[in-house]
1. Could you grab me the full set of residues in the range 53-63 that are surrounded by 14 or more Cβ atoms within 10 Å (Cβ to Cβ) and of a type outside the set (Asp, Glu)?
2. Are any residues in the range 37-54 over 19 Å from ASP9 (Cβ atoms) and part of a helix (DSSP H, G or I), and if so, which ones?
3. Mind checking which residues of the range 38-55 are more than 19 Å from ALA87 (Cα to Cα) and of a type in the set (Asp, Glu)?
4. Checking the conditions here, which among ARG74, ARG66 is without any contact (Cβ under 8 Å) to a residue 60 or more places away in the chain, surrounded by fewer than 20 Cβ atoms within 10 Å (Cβ to Cβ) and either within 14 Å of PHE8 (Cα to Cα) or among the charged types (D, E, K, R) (or both)?
5. Identify the residue in the range 1-51 that is polar (S, T, N, Q) and surrounded by 15 or more Cβ atoms within 10 Å (Cβ to Cβ) and, among all such residues, is modelled with the lowest pLDDT.
Amino acid sequence: MPETHLRFDGDTFDPILDAPRLEKQIDRVYAAVQHGGWMSLREVAQATGDPETSVSARLRDLRKDRFGGHDIQRRRRARGLWEYRCAGAQALPGVLFRGVE
């Protein structure tokens, strides 16, 4: 699969310092949720080794068209606890998720 750089942005985003880290992070988050089962932020964080706040940001990214426009759904599991899943997940060949199949 050809290597394609994902287009992250933001006021504090530095492509040299941040792009490689965020690309690997979004790959790990996608790999954790691509099966379509419901997972809390803590469960995804435990599966990926990334902080819950980062997992939350990458789930928001996965919803964006430039990151695949994935159907990231959420539902309330318990009072104050939400869980997430990627419905109909699939990698986009040549565009996203290098090494995640």
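1. SER54, VAL55, SER56, ALA57, ARG58, LEU59, LEU62, ARG63
2. Filtering the range 37-54 down to residues over 19 Å from ASP9 (Cβ atoms) leaves 37-52.
Result: LEU41, ARG42, GLU43, VAL44, ALA45, GLN46, ALA47, THR48, GLU52.
3. ASP50, GLU52
4. Residue meeting the stated conditions: ARG74.
5. Filtering the range 1-51 for residues polar (S, T, N, Q) gives 4, 12, 25, 34, 40, 46, 48.
Still in the running and surrounded by 15 or more Cβ atoms within 10 Å (Cβ to Cβ): 25, 34, 40, 48.
Values: GLN25: 95, GLN34: 90, SER40: 97, THR48: 96.
Among residues in the range 1-51 that are polar (S, T, N, Q) and surrounded by 15 or more Cβ atoms within 10 Å (Cβ to Cβ), the one modelled with the lowest pLDDT is GLN34.
The values are calculated or read from the model by the stated rules, or taken from the named source; none is laboratory data. Since the model is a prediction, treat every value here as computed from it, not as a measurement. In this analysis, Cβ positions are derived from the backbone assuming ideal geometry, glycine residues included, and neighbour counts consider all displayed protein chains.
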